[in-house]
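Undergrad: Would you mind keeping the following structure in view while I ask a few things?
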Amino acid sequence: MNAARRPTQITLGTDQDPYNKEELVNTLKGRELGFFVIFYIFAVACIVMAFEFLKPSLFMREESVNATRYDD
């Protein structure tokens, strides 16, 4: 027997698959993350204000809410 024999490498079918590659992980870091968070908050605020402009519900005073209700 040959004592200096190297161990054989086991090859799986997935190792030979050309589509089995590591995925690239793109993450936001540092300044990009800060810009994204600020823009996201700004965009959400714009959407909320657009809905409030079209159909006010959050920033109405109680008197105006009571005046718009119908009493049967």
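Undergrad: Enumerate the pairs (first residue in the stretch 16-44 and without any contact (Cβ under 8 Å) to a residue 24 or more places away in the chain; second residue anywhere and in a helix (DSSP H, G or I) and not hydroxyl-bearing (Ser, Thr, Tyr)) with beta-carbon separation below 6 Å, excluding pairs fewer than 6 apart on the same chain, so at least 6 apart or on different chains.
TA: Qualifying pairs under 6 Å: 28/36.
Undergrad: Here are 5, 31: which of them is modelled with pLDDT under 85 and either surrounded by 10 or more Cβ atoms within 10 Å (Cβ to Cβ) or among the basic types (Lys, Arg) (or both)?
TA: The conditions single out 5.
Undergrad: Another question, then. If residue 11 satisfies every condition in (1) loosely packed, with under 10 Cβ neighbours inside 10 Å; (2) modelled with pLDDT of 70 or more; (3) among the hydroxyl-bearing types (Ser, Thr, Tyr) but one, which is the exception?
TA: The failed condition is (2).
The values are calculated or read from the model by the stated rules, or taken from the named source; none is laboratory data. All values reported here derive from a predicted model rather than from experimental measurement. No Cβ is skipped: glycine too gets one built from the backbone with ideal geometry, and neighbour counts run over all protein chains shown.
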